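Take a look at the structure below.
The values are calculated or read from the model by the stated rules, or taken from the named source; none is laboratory data. Computed from a predicted structure; not experimentally measured. Quick reminder, even Gly has a Cβ in these numbers, built from the backbone with ideal geometry, and neighbours come from all protein chains shown.
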Amino acid sequence: MLETARQYRRYEKSPVDETRAFLEKIRRDTFNAFITVDEEGALRDAKAAEELLKSPDAGALAGIPVAIKDNICTRGVRTTCASKILSEFVPSYDATVVRKLKEQGAVILGKTNLDEFAMGSTTTLSIAGPTRNPRDPSRTPGGSSGGSGAAVAAGLCAGALGSDTGGSIRMPASFCGITGLKPTYGSVSRYGLVAFASSLDQIGPMAPTVRDAAVLFDAIKGYDPLDSTSVPRDYTPTNLDGIDLKGLRIGVPKEFFGEGLNPEVEDAVRSGIAVLEDMGGRIVEIDLPHAGYGVAVYYIVATAEASSNLARYDGVRYGLRANDALDLGDMYARTRDMGFGPEVKRRIMLGTYALSAGYYDAYYRKASQVRTLIAEDFRKAFSQCDIIAGPTTPVTAFRLDEMIDDPLSLYLLDIYTIPANLAGLPALSIPCGFDSLGLPVGMQLMAPHFREDLLLGAGISFQDRTTYHQEGP
Amino acid sequence: MKAYDAVIGLEVHAQLLTSTKIFCGCSTKAGLPPNTSTCPVCTGMPGVLPVLNRKVVDFGIMLGLATGSRIAPRCIFARKNYFYPDLPKGYQITQYEHPLCEGGSILIETAQGVKRIGITRIHMEEDAGKTIHDEKAPLSYVDYNRSGVPLLEIVSEPDITSTDEAVAYLRELRQILMYLGICDGNMEEGSFRCDANVSVKPAGSARYGTRTELKNMNSFRNVQRALQYEIERHIEIIESGGEVVQETLLWDPSRGVTVSMRSKEESHDYRYFPEPDLVPVEIDSAWIDSVRSALPELPFARRERFIGQYGLPAYDAGVLTQTKAVADYYEECVRLLDRPKEISNWIMTEVMRALNEQGIPITELIVSPEMLTGLIALIDKGSISGSMAKEVFAEMVDTGESAGGIIEKKGIGQINDEEELRSLAREIIDAHPDEAHKYRSGKTGLLGFFVGMLMKATRGEANPKLASRIMKELLEE
Amino acid sequence: MKITDDEVLHVAALARIRLDDDEILSLRNDLDKILGYMDILSSVDTTGVNPTHHPLPLVNAMRDDREQGCQELADVLRNAPQHDNGYIVVPKVIG
Ligand SMILES: [Mg+2]
Ligand SMILES: [Zn+2]
């Protein structure tokens, strides 16, 4: 991305040509990364970027072709959330992140595939069909931002936006061998992100390298008065030179290396941590005693919020509506039956149950209290270390024909990513090795609120030292 | 027949007079074409987020202070989940745990004296849109212009024990809201809406009876009728050995009965939970103080002050403080001209008549306090008579001209200017030396002739008494 | 814990989702299993622990009472399944 930006400035490449090249690659895409490709809009953006590049003030993103997860609203371009219920929905406004990207001259190629309403870990639960992992097309790219992950891994875009509620950026980044950042809750506006779980959702960048992810992150972060949970503060640009790891205390939670972790994944992650140590980092063993409750807490809180967030899909103002309904109640029930897939229904049911009379205290309230304990664990841990390192996922990309059909087992794949969402912490996944099948393994780094500079800095330095991120499929 | 006590709790929804909606920048203006005062936020488009209008909190604090409520140092919003086509998000953003205000009260006057009615809570929430049901086709039509208009919900304690008290409470609450300038109080148009919980119990019993919820009472008269009907209905059921069913009922004003609203035993489990898209509101003493300092005097206190400060009869004070605008108008007049009782008389008669005839509030009256006091000052000086003044006032109301202007243009009024009359009189005497001589020789009957000449010279507008005195003085010099 | 069919149907009614018999059965099994797993939370002592509803302790995010302009009527209606004279039209509300 940075190289392309330099080439634009030396007139060795033009945004229009570059965009055409990407669009051509997307046309030949066999991984099913996109739900909607906006060729016309992309070329329009590219032409505008050529004008913009004549100014010395043009930013690093001017003319850079990017892809947007299809749960982020784009004015005039269909935004489906991979759901039948929104299959024809065309937003009348741009999400704040999209507006920011456009203002900085980025070229928006189209909208990438996901699990319906970002609920899933495989990018198979989609009206557009499954996305395949460019590392091995028989495998899942992970989810729910699997379309963005695959598009980046396959070189169909220079970078992409995903959304991460319980690991939906980091898991596909890990499975596809790319970089993915879930920013601090409140550092990137959620305005225009179709809500799954409001207190957990966060938009973030997915890119081939940490540097590219940092450029995208810098472009989208910042206070937004349209999002009440957006944090007003100074957002300084990331130092793209990396940081000196000498003396950096790297916390390794033993809870992230327990039962269920694939040994090959563990080996790769431990070797990644060893690289950080080698670069001067100091390893500190830390405790996150309540992290093990994360999955249970998450699937109560997230589904409770989702059950409410998805109530608006009722066939009244937009989206699918069941025909020939007897009355309004019948229209609601049939629309929502037809419009939502089984996983979305399952989560709406779970969340409705957790909030319903008589169960609120035992489920929703209890989970929200344990959430406090998990956040406190991190606070204590960060008094002993500067960043935390561990695996992103317990396994590598699995085969689509060996799909786990038990929902609980799938939920448990989020065990290492969920705690950062519950505590609102920034978390980065970067490639740190491969398993015996050559499938990429992701290492997850976490930091205190708003310390993306540490994560990205460490990530940049790590990638300057290693080649995992360059070993393509 | 046993005696029964009624127990009534009232829930009022007051639409606030902010310029914009509670969570978006759309106008709150009513009467616009359907769905034209909407945006992605108040139509619940995917991906949108609410941002709280600070003025709604200010208004809530105002009412909290006016009712002696505790203002929560920290309050939060919640989602109330239910499906209805005019509720665009499938939930209403409201407050549940930790509302803005708790523990207030309102004083009402009853036949037994002043009574305190407790206010359990006051909270902020968003209004829904409007659904119109087609008479012929099996269709309903939805307009979201009202969706997101800010409301304060005011919940009373079950302290109200009669329909009269219920109406007195509502009148007082409405007057306070209007005094604060935060609600226009229009019941017919729904900016002041009332639901009621009603139950009856044998007189003196501590146990509450089963309560029913009443909706759709859009005037004080309908509140009175509906509550009366419902209390009697409960008593009848109990008397005949039946049991009151807990349900929600709609008042049908045309038939004068309450009808059950939900046909099925539909559960309303609203699944309240804290609104994740909005952060808590923390209200410190500085915020409360700044609102308090801008708080207008409330009706009860102002009434008392008018009696004490202006020496008005209680009747006058009551009439003048009926609305804040009239009371403000009155006080501005008194500030300009220190004639409290005269001004009161004018406002209670001529001004009120003009308002009634034109069907306008006093704020739209073309005759400003300056103009009214200008007129009264002219009467005081004797420039015009009281009856002339009424005509002049009528003209002022029609034309918006000042009293002086009208008097001058029409040439009405009295010439009271001694100097002017004196010099005119001299001219007349000088012009009639023979008659003057005769007068001075004893023919005093000629005074009538001279005064007549003076009146003629002023086209009859000289103050006759003054004219006569001046003429007499000059002739006898 | 065991979820009954009635509970599944009650929750589905609250969520306004129609379920056929197969879905009731599979959802009952799924919910049973998932909620069974959630029971690990009951072993955590949360006495005196405040619930977290926001990951960051923000307060007082508010805007001024200033009009920001509305959207075009066409934008309101663009995605509407049925509309008439500016109104969104739905099947009649019954009960
Ligand atoms: Mg209410
Ligand atoms: Zn709006």
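Structure values in brief
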quantity: Subset of the stretch B:1-47 that is β-branched (Val, Ile, Thr) and buried (at least 22 other Cβ atoms within 10 Å of the Cβ) - its residue that is farthest from ligand 2 (Cβ to nearest atom); calculated: B:Ile8
quantity: Within the stretch B:75-85, tally of residues that are more than 9 Å from every other protein chain (Cβ to nearest Cβ) and either over 22 Å from C:Leu58 (Cα atoms) or out of contact with any His (no Cβ under 7 Å at 6 or more places or on another chain) (or both); calculated: 3
quantity: Residue among B:Glu395, B:Glu401, B:Glu391, B:Glu408 that alone is acidic (Asp, Glu) and farther than 18 Å from B:Glu350 by Cβ; calculated: B:Glu408
quantity: Which numbered condition A:Asp330 fails, given (1) within 10 Å of chain C (Cβ to nearest Cβ); (2) more than 23 Å from B:Lys80 (Cβ to Cβ); (3) without any contact (Cβ under 8 Å) to a residue 12 or more places away in the chain; (4) not in a helix (DSSP H, G or I); calculated: (4)
quantity: Entirely in chain C, the helices (runs of 4 or more DSSP H) that have 1 or more residues that are within 30 Å of A:Gly76 (Cα to Cα) and within 7 Å of another protein chain (Cβ to nearest Cβ); calculated: C:73-77
quantity: Count - residues of the stretch A:374-385 that are crowded, with 19+ Cβ neighbours inside 10 Å, of a type outside the set (Gly, Ala, Ser) and part of a helix (DSSP H, G or I); calculated: 4
quantity: Of all residues making up the stretch B:116-127, the number that are away from ligand 2 (no atom under 16 Å from the Cβ) and either modelled with pLDDT under 95 or away from chain C (no Cβ under 14 Å) (or both); calculated: 8
quantity: Test: residue in the stretch B:110-123 that is among the small types (Gly, Ala, Ser) and part of a strand (DSSP E or B); calculated: yes
quantity: Filter pass, B:Asn197 being within 30 Å of B:Gly241 (Cα to Cα), buried (at least 16 other Cβ atoms within 10 Å of the Cβ) and within 16 Å of ligand 1 (Cβ to nearest atom); calculated: yes
quantity: Per-region count, the stretch B:49-74, residues buried (at least 21 other Cβ atoms within 10 Å of the Cβ) and either within 11 Å of chain C (Cβ to nearest Cβ) or within 16 Å of ligand 1 (Cβ to nearest atom) (or both); calculated: 11
quantity: Subset of the stretch A:216-236 (residues that are surrounded by 24 or more Cβ atoms within 10 Å (Cβ to Cβ) and touching a Pro at 6+ places or on another chain (Cβ under 8 Å)); calculated: A:Leu216, A:Phe217, A:Ile220, A:Lys221, A:Ser228, A:Thr229
quantity: Index of the failed condition, B:Gln246 passing every other in (1) within 30 Å of A:Ser307 (Cβ to Cβ); (2) surrounded by 18 or more Cβ atoms within 10 Å (Cβ to Cβ); calculated: (2)
quantity: Condition check for B:Lys409: surrounded by 14 or more Cβ atoms within 10 Å (Cβ to Cβ) and outside any loop (DSSP other than H, G, I, E, B); calculated: no
quantity: Per-region count, the stretch B:48-91, residues within 16 Å of ligand 2 (Cβ to nearest atom) and aliphatic (A, V, I, L, M); calculated: 6
quantity: Within the stretch A:1-42, tally of residues that are part of a helix (DSSP H, G or I) and surrounded by fewer than 17 Cβ atoms within 10 Å (Cβ to Cβ); calculated: 13
quantity: Residue in the stretch B:158-172 that is at pLDDT 95 or above and within 16 Å of ligand 1 (Cβ to nearest atom) present; calculated: no
quantity: Qualifying residue in the stretch C:38-54 (condition: surrounded by 18 or more Cβ atoms within 10 Å (Cβ to Cβ) and touching a strand residue (DSSP E or B) at 6+ places or on another chain (Cβ under 8 Å)); calculated: yes
quantity: From A:Tyr364, A:Tyr353, residue being touching a strand residue (DSSP E or B) at 6+ places or on another chain (Cβ under 7 Å), crowded, with 21+ Cβ neighbours inside 10 Å, facing another protein chain (nearest Cβ under 7 Å) and outside any loop (DSSP other than H, G, I, E, B); calculated: A:Tyr364
quantity: Test: residue in the stretch C:56-71 that is under 20 Å from B:Tyr141 (Cα atoms) and away from ligand 1 (no atom under 16 Å from the Cβ); calculated: yes
quantity: Selection status of A:Leu408, under 28 Å from A:Pro130 (Cβ atoms), more than 20 Å from the chain's Cα centre (by Cα) and within 14 Å of another protein chain (Cβ to nearest Cβ); calculated: yes
quantity: Some residue of the stretch B:174-192 being touching a Leu at 6+ places or on another chain (Cβ under 7 Å), crowded, with 20+ Cβ neighbours inside 10 Å and more than 30 Å from B:Ile360 (Cα to Cα); calculated: no
quantity: Residue list for the stretch B:66-99, filter: of a type in the set (A, V, I, L, M) and either in contact with a strand residue (DSSP E or B) (Cβ under 7 Å, 6 or more places away or on another chain) or outside any helix (DSSP H, G or I) (or both); calculated: B:Ile71, B:Ala72, B:Ile76, B:Ala78, B:Leu87, B:Ile93
quantity: Residue selected from the stretch A:339-350 under the condition part of a helix (DSSP H, G or I) and facing chain C (nearest Cβ under 9 Å), by the criterion surrounded by the most Cβ atoms within 10 Å (Cβ to Cβ); calculated: A:Ile348
quantity: The stretch B:147-162, subset farther than 26 Å from C:Cys70 by Cβ and of a type in the set (Asp, Glu), residue nearest to ligand 2 (Cβ to nearest atom); calculated: B:Glu157
quantity: Given (1) under 30 Å from C:Leu14 (Cα atoms); (2) part of a loop (DSSP other than H, G, I, E, B); (3) modelled with pLDDT under 95, number of the condition B:Leu278 does not satisfy; calculated: (3)
quantity: Residues that are touching a residue at least 40 places away in the same chain (Cβ under 8 Å) and either facing chain B (nearest Cβ under 7 Å) or part of a loop (DSSP other than H, G, I, E, B) (or both), drawn from the stretch A:297-314; calculated: A:Ala304, A:Glu305, A:Ser308, A:Tyr313
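Per-residue answers, yes or no, for (1) touching an Asp or Glu at 6+ places or on another chain (Cβ under 8 Å); (2) among the small types (Gly, Ala, Ser); (3) free of Cβ contacts under 8 Å to residues at least 60 places away in the same chain:
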site	(1), (2), (3)
B:Leu16	no, no, no
B:Ser19	yes, yes, yes
B:Phe23	yes, no, no
B:Ser37	no, yes, no
B:Pro50	yes, no, no
B:Gly68	no, yes, yes
B:Pro73	yes, no, no
B:Asn81	no, no, no
B:Glu97	no, no, no
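Results for (1) within 30 Å of C:Val90 (Cα to Cα); (2) more than 16 Å from ligand 2 (Cβ to nearest atom), shown as yes or no for each residue.
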site: B:Gln95; (1), (2): yes, yes
site: B:Ser105; (1), (2): no, yes
site: B:Val114; (1), (2): no, yes
site: B:Gly129; (1), (2): yes, no
site: B:His133; (1), (2): yes, yes
site: B:Ala137; (1), (2): yes, yes
